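S.K.: Have a look at this one.
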Number of protein chains: 2
Amino acid sequence: VPAVDYDKLRSALSENGRLITDLADYEAYTHDATADSGTPGAIVFASNANDVRATVLFCHKHNLPIVPRGAGTGLSGGCVPSEGALVLSTEALDEIEIMPEEKIAVCGPGVITRDLIDGAEAVGLTYAPDPASYTESTLGGNVAENAGGLRCVKYGVTRDYVIGLQAITADGCTLDTGWFTERPAFELGELLIGSEGTLAIITSIAVSLVEPSGRGTTILAAFGEPSDAARTVFALRRAGLVPTVMEFMDGDAIDCSNAYEPTEGLHKAAALLLFETDPHHHDMERLIEGICSDNHCTLLRTEPDPNRAEDLWRVRRNLSKAITDMAALRVSEDVAVPISRFADLVAFVDQMNHSSHYRINAFGHAGDGNLHVSFLSEHDTSRDRENIDSLVETLMRKTIELDGTLTGEHGIGLAKRRLLPLEFDPPTLQFMRHIKDAFDPTGIMNPDKIFPV
Amino acid sequence: VPAVDYDKLRSALSENGRLITDLADYEAYTHDATADSGTPGAIVFASNANDVRATVLFCHKHNLPIVPRGAGTGLSGGCVPSEGALVLSTEALDEIEIMPEEKIAVCGPGVITRDLIDGAEAVGLTYAPDPASYTESTLGGNVAENAGGLRCVKYGVTRDYVIGLQAITADGCTLDTGWFTERPAFELGELLIGSEGTLAIITSIAVSLVEPSGRGTTILAAFGEPSDAARTVFALRRAGLVPTVMEFMDGDAIDCSNAYEPTEGLHKAAALLLFETDPHHHDMERLIEGICSDNHCTLLRTEPDPNRAEDLWRVRRNLSKAITDMAALRVSEDVAVPISRFADLVAFVDQMNHSSHYRINAFGHAGDGNLHVSFLSEHDTSRDRENIDSLVETLMRKTIELDGTLTGEHGIGLAKRRLLPLEFDPPTLQFMRHIKDAFDPTGIMNPDKIFPV
């Protein structure tokens, strides 16, 4: 990237827009929640859509890569700067307008997911997707990566709630898909969801809100074999039961969590399932307990009170921190498979763990066939990284063989782009590239992401 | 279109594929359910995806327009042949594979919508979208036009159920979006839904199936003023009530239906609402009746028995036939507006009816803000068509002013392409064209549709 004179851009920004080139205090902007990082040439903190347009036009003119960024909680390197790129932060675009009668909220991309949920709850509604990082993550990032969440088994993912977008393209045009009704012709909004900033910069997001379903009963079931837990997931699905939450953890993940803070009755569990029942289905508790018993659960704890249920949730809530504390190097993947293949995937990870000298464990939103697989190493050497990369590829090949996907909810970003050809065949990838070229002919929009080099 | 020697294509088709150039017996293939028509050069009845590919490649080589066709029940001219075009019928691609455990059906585009519903019901599930023509329409046509249906207030439209597609592009490539899990990168499938055959020919469709909700109670409410009915729709929405069906008919539509076959108590109604309650919400019947009464309904009939409820449904079921019988020329539009603007739209149509010498009436899936407006003329002259075109444009301008859409569920096709710039601004339309060019650089894929000339 050549040296760039940013003064013209600085003067084009609005009063509250900021452009930073002295980056010493902005280390956080060199990375997301993965181990990848890059050094930007500058950071723009946009204060409105005009700042976004000015920035895009400047980058377009100077052929400068532009990397949009929300809260930086992403798990695939989607907002990791290309070397010398301009990082465009949309954190300050955080307005929320709620239309209770339409059950619609129109948000800036910088809105924190939890603030949207809180705003919706204040008018008796809720926003359903709840990515694990929802207290920090931005809605713009959720849309760019099509984030999922704990409740996705019942409520679906971000895509299912976005009803319209405004976005600024590489040549400074504003796309406006409308949002009050289903729209005809080509759904540009659906195309932008999950596109990780490679097509346009999202400046406004309309989402549908739903009636809150209330809290259900929490059920924790432990199993002596991971396959018993996986079979339980499938049996529940076959019985037509859709709990609000259905989380899976394997034995190694439980051990990690127990080492951090023990939970009674779990010291020898080989797997667990954690449910929250749908409160509108008054017989669900009994039915779930029955199916867990039929599949040889070794422990069953039920807690109708949401506050006391935190005791049961702790094993899951501590998990991510527990795993990260445990290793010098942690590589996290989030594959997903059809629910009928979930048991096969769980068995495969269990076998990988046993036959590898790295610690490999799995947990995830089982109701969606979603499995977060963590590869842990006591040392962080280039050899370790290479070995784990190779294990990751083995996992991905198996996942695709099981009709699954490389990423259930984290996106491709930098982390998985080399593997994308496993999931899509050459013609399908070629048409994705055609679309990329149609939106971004000079390749400035978050380059290096999604597509293999 | 130059004369084409079809022999090479004929010999490239599989044993059961057919190519017809003697079109005397194929008048039906010159039009859909609108008044538009065109004369094709040939019709190919594909028997599998290879026939589709051979046909596309032949058309690509000879720069011949290709117009895909399902059952021809469309209401926007989407499958009306361009002059001399090759019509590609996918009617014979009618295989259905149901995976009950995944709650997925994989269908050929020629599957009749009802056959899919029947197949799903045979394994205890259902397919939710039910366009009015579902006993004849094909799933491929439903996807191409993103069809809605009576139950869309509760269940959404076709887009909400399509989870993956295979499609053949202008250069003969097969796109495969996968379907068992949410997918990363660019959602080509979402782009193809509603694209009316202008990007690629769909050869396989995966849809999600749902648990059937069972039948609820039917409620018919009549009103002395259309505005009372429209306000009732909004009040129900505000109360968080989501019936399975919520249909609206204005006084003129009721008169048409009554003239065809009278329904007791409706001879002087200025509007009616027809509901089916959600059977899982046991208090919904009482709540709907209360809100109808609060809004001055003049008649309230409730029928819990689904068979006897047919008496109440008749007024709605007869309507389309009744209206068509009544006029030499009928132009039907299907606008939709945000639910809070529904009363404004109803009032506007009522006023148009009173101030025009054409008969103009309205009915529709009110829960979605969807309104079917029919313009009727006793004569079918070019002057009448021009006059009605101008009234349609007036309606469309008002609809867009109310944040609505030109088409709630019928698509743009030929019928509304001149109006598309009312709905999308120039940059957004320009990016749709970029995408069209990326998929179809030579412009052979259902040309003349969607985009204004």
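S.K.: Could you tell me which numbered condition B:Gly443 fails, if it satisfies all but one of (1) assigned to a loop (DSSP other than H, G, I, E, B); (2) within 12 Å of another protein chain (Cβ to nearest Cβ); (3) open to solvent by 30 Å² or more (accessible area, probe 1.4 Å)?
M.R.: So B:Gly443 meets the others, but not (2).
S.K.: Against the conditions (1) in contact (Cβ under 8 Å) with a residue 40 or more places away in the chain; (2) not in a loop (DSSP other than H, G, I, E, B), where does B:Ser133 fall short? Just the number, please.
M.R.: The one condition B:Ser133 does not meet is (2).
S.K.: Looking at B:Leu199, B:Leu139, B:Leu165, can you tell me which residue is touching a Phe, Trp or Tyr at 6+ places or on another chain (Cβ under 6 Å) and modelled with pLDDT of 95 or more? Spell out the reasoning first.
M.R.: Working: B:Leu139 fails: touching a Phe, Trp or Tyr at 6+ places or on another chain (Cβ under 6 Å); B:Leu165 fails: touching a Phe, Trp or Tyr at 6+ places or on another chain (Cβ under 6 Å).
The unique qualifying residue is B:Leu199.
S.K.: Quick check: is even one residue across region A:414-426 farther than 26 Å from A:Leu345 by Cβ, more than 11 Å from chain B (Cβ to nearest Cβ) and touching a helix residue (DSSP H, G or I) at 6+ places or on another chain (Cβ under 9 Å)?
M.R.: No; the residues of region A:414-426 include none that is farther than 26 Å from A:Leu345 by Cβ, more than 11 Å from chain B (Cβ to nearest Cβ) and touching a helix residue (DSSP H, G or I) at 6+ places or on another chain (Cβ under 9 Å).
S.K.: Which of (1) within 24 Å of the chain's Cα centre (by Cα); (2) open to solvent by 20 Å² or more (accessible area, probe 1.4 Å); (3) at positive phi does B:Tyr29 not meet, given it meets every other one?
M.R.: Here B:Tyr29 meets the rest and fails (3).
S.K.: Turning to a different aspect of this structure: Please determine whether any residue of region B:262-283 is part of a helix (DSSP H, G or I) and not hydrophobic (A, V, I, L, M, F, W, C).
M.R.: At the first step, the residues of region B:262-283 found to be part of a helix (DSSP H, G or I) are none.
Scanning region B:262-283, I find no residue that is part of a helix (DSSP H, G or I) and not hydrophobic (A, V, I, L, M, F, W, C), so the answer is no.
S.K.: Within region B:36-75, which residues are under 19 Å from B:Ile450 (Cβ atoms), open to solvent by 20 Å² or more (accessible area, probe 1.4 Å) and hydrophobic (A, V, I, L, M, F, W, C)?
M.R.: B:Leu75
S.K.: Among the residues of region A:382-403, is any surrounded by 24 or more Cβ atoms within 10 Å (Cβ to Cβ) and of a type in the set (S, T, N, Q)?
M.R.: Looking through region A:382-403, at least one residue is surrounded by 24 or more Cβ atoms within 10 Å (Cβ to Cβ) and of a type in the set (S, T, N, Q).
S.K.: What is the number of the single condition among (1) more than 9 Å from chain A (Cβ to nearest Cβ); (2) in contact with a helix residue (DSSP H, G or I) (Cβ under 6 Å, 6 or more places away or on another chain) that B:Gly364 does not meet?
M.R.: Evaluating B:Gly364 over (1) more than 9 Å from chain A (Cβ to nearest Cβ); (2) in contact with a helix residue (DSSP H, G or I) (Cβ under 6 Å, 6 or more places away or on another chain) leaves (2) as the failure.
S.K.: Oh, and also: So which of B:Arg359, B:Arg330, B:Arg317 ends up being under 20 Å from B:Pro262 (Cβ atoms), open to solvent by 30 Å² or more (accessible area, probe 1.4 Å), in contact (Cβ under 8 Å) with a residue 12 or more places away in the chain and not hydroxyl-bearing (Ser, Thr, Tyr)?
M.R.: Numbers: B:Arg330 fails: under 20 Å from B:Pro262 (Cβ atoms); B:Arg317 fails: in contact (Cβ under 8 Å) with a residue 12 or more places away in the chain.
Exactly one residue qualifies, and that residue is B:Arg359.
S.K.: I'm checking my understanding of the structure. Among residues of region B:424-440 that are open to solvent by 30 Å² or more (accessible area, probe 1.4 Å) and touching a Cys at 6+ places or on another chain (Cβ under 8 Å), which one is farthest from B:Thr174 (Cα to Cα)?
M.R.: B:Pro427
S.K.: Now for a separate question. What is the residue count in region A:348-406 for residues that are among the acidic types (Asp, Glu) and under 20 Å from A:Val315 (Cα atoms)?
M.R.: 1
S.K.: Restricting to region A:81-106, what's the tally of residues that are among the β-branched types (Val, Ile, Thr) and under 30 Å from A:Asp36 (Cα atoms)? Steps first, answer last, please.
M.R.: If we filter region A:81-106 for residues that are among the β-branched types (Val, Ile, Thr), which is where we start, we get A:87, A:90, A:96, A:98, A:104, A:106.
Those still in the list that are under 30 Å from A:Asp36 (Cα atoms) too: A:87, A:90.
Summing the residues that are among the β-branched types (Val, Ile, Thr) and under 30 Å from A:Asp36 (Cα atoms) in region A:81-106 gives 2.
S.K.: Name every residue in region A:82-96 that is under 24 Å from A:Ile205 (Cα atoms), open to solvent by less than 10 Å² (accessible area, probe 1.4 Å) and not β-branched (Val, Ile, Thr), in order of residue number.
M.R.: If the condition is that a residue be under 24 Å from A:Ile205 (Cα atoms), open to solvent by less than 10 Å² (accessible area, probe 1.4 Å) and not β-branched (Val, Ile, Thr), then A:Leu86, A:Leu88, A:Ser89 are the ones that fit.
S.K.: Now a separate question. Output the number of the condition that A:Gly148 fails; it satisfies all remaining conditions of (1) at pLDDT below 95; (2) in contact with a Leu (Cβ under 6 Å, 6 or more places away or on another chain).
M.R.: A:Gly148 satisfies all of (1) at pLDDT below 95; (2) in contact with a Leu (Cβ under 6 Å, 6 or more places away or on another chain) except (2).
S.K.: Of all residues in region A:98-120 being acidic (Asp, Glu) and away from chain B (no Cβ under 14 Å), which is nearest to A:Ser47 (Cα to Cα)?
M.R.: As a first pass, look at region A:98-120 and keep what is acidic (Asp, Glu): A:101-102, A:115, A:118.
Imposing the further condition that a residue be away from chain B (no Cβ under 14 Å) reduces the set to A:115, A:118.
Numbers: A:Asp115: 18, A:Asp118: 23 Å.
Once the filter is applied, the top-ranked residue is A:Asp115.
S.K.: Out of (1) crowded, with 24+ Cβ neighbours inside 10 Å; (2) of a type outside the set (Asp, Glu); (3) within 13 Å of chain B (Cβ to nearest Cβ), what's the single condition that is false for A:Gly140?
M.R.: Failing condition for A:Gly140: (3).
S.K.: Please pick out the residue among B:Pro279, B:Pro226 that is within 30 Å of B:His354 (Cβ to Cβ) and modelled with pLDDT under 95.
M.R.: On the way: B:Pro279 fails: within 30 Å of B:His354 (Cβ to Cβ).
Every option except B:Pro226 fails the conditions.
S.K.: Just for region A:146-195: of the residues that are of a type in the set (Phe, Trp, Tyr) and either part of a helix (DSSP H, G or I) or open to solvent by less than 30 Å² (accessible area, probe 1.4 Å) (or both), which one is nearest to A:Gly443 (Cα to Cα)?
M.R.: Step one: list which residues in region A:146-195 are of a type in the set (Phe, Trp, Tyr), which gives A:155, A:161, A:179-180, A:186.
Adding the requirement that they be either part of a helix (DSSP H, G or I) or open to solvent by less than 30 Å² (accessible area, probe 1.4 Å) (or both) leaves A:155, A:161, A:186.
Values: A:Tyr155: 35, A:Tyr161: 29, A:Phe186: 23 Å.
Residue satisfying both the conditions and the ranking: A:Phe186.
S.K.: Moving to a separate point now. May I ask you to list pairs of residues, at least six apart or on different chains, whose Cβ atoms are under 7 Å apart, with the first in region B:430-448 being among the aliphatic types (A, V, I, L, M) and the second being assigned to a loop (DSSP other than H, G, I, E, B) and open to solvent by 30 Å² or more (accessible area, probe 1.4 Å)?
M.R.: Partner pairs satisfying both residue conditions: B:Ile444/B:Asn63.
S.K.: Let me ask you something else. Please go through region B:145-178 and give me each residue that is of a type in the set (A, V, I, L, M), at the interface with chain A (Cβ under 8 Å from one of its Cβ atoms) and farther than 18 Å from B:Val335 by Cβ, ordered by number.
M.R.: Start the filter on region B:145-178 by keeping residues that are of a type in the set (A, V, I, L, M), which leaves B:147, B:150, B:153, B:157, B:162-163, B:165, B:167-168, B:170, B:175.
Next cut, at the interface with chain A (Cβ under 8 Å from one of its Cβ atoms) only: B:157, B:175.
Once the filter is applied, which keeps residues that are of a type in the set (A, V, I, L, M), at the interface with chain A (Cβ under 8 Å from one of its Cβ atoms) and farther than 18 Å from B:Val335 by Cβ, region B:145-178 yields only B:Leu175.
S.K.: From B:Ile205, B:Ile288, grab the single residue that is under 21 Å from the mean Cα position of the chain (by Cα), crowded, with 18+ Cβ neighbours inside 10 Å and at pLDDT 95 or above. Lay out the reasoning, then the answer.
M.R.: Numbers: B:Ile288 fails: under 21 Å from the mean Cα position of the chain (by Cα).
Testing whether each residue is under 21 Å from the mean Cα position of the chain (by Cα), crowded, with 18+ Cβ neighbours inside 10 Å and at pLDDT 95 or above leaves just B:Ile205.
S.K.: Further question: Quick one: what pairs do we get from region B:22-38, first residue of a type outside the set (Gly, Ala, Ser), second part of a loop (DSSP other than H, G, I, E, B) and surrounded by fewer than 16 Cβ atoms within 10 Å (Cβ to Cβ), C-beta under 7 Å, 6+ apart or different chains?
M.R.: B:Thr30/B:Thr39
S.K.: Please go through region B:197-226 and give me each residue that is of a type outside the set (A, V, I, L, M, F, W, C), over 30 Å from B:Ile66 (Cα atoms) and touching a helix residue (DSSP H, G or I) at 6+ places or on another chain (Cβ under 6 Å), ordered by number.
M.R.: Step one: filter region B:197-226 for residues of a type outside the set (A, V, I, L, M, F, W, C), giving B:197-198, B:203-204, B:208, B:211-218, B:224-226.
After this cut, where a residue has to be over 30 Å from B:Ile66 (Cα atoms) as well, the list is B:211-218, B:224-226.
Within region B:197-226, B:Thr217, B:Thr218, B:Pro226 qualify.
S.K.: Now for a separate question. Which pairs have Cβ atoms under 9 Å, sit 6 or more apart or on different chains, and link a residue in region B:189-206 that is more than 9 Å from chain A (Cβ to nearest Cβ) and of a type in the set (S, T, N, Q) to one that is crowded, with 24+ Cβ neighbours inside 10 Å and part of a helix (DSSP H, G or I)?
M.R.: These pairs meet every condition: B:Thr203/B:Val52; B:Thr203/B:Gly140.
S.K.: Name the residues in region B:214-231 that are surrounded by 17 or more Cβ atoms within 10 Å (Cβ to Cβ), under 25 Å from the mean Cα position of the chain (by Cα) and within 14 Å of chain A (Cβ to nearest Cβ), would you?
M.R.: Within region B:214-231, just B:Ala230 meets the criteria.
The values are calculated or read from the model by the stated rules, or taken from the named source; none is laboratory data. Worth saying up front: this structure is predicted, and the values here are computed from it rather than measured. Please note: Cβ atoms are built from the backbone with ideal geometry, for glycine as well, and neighbour counts cover all protein chains shown. These area figures cover heavy atoms from the full protein model, side chains too; ligands, DNA and RNA do not enter into them. Shrake-Rupley method; radii C 1.70, N 1.55, O 1.52, S 1.80 Å.
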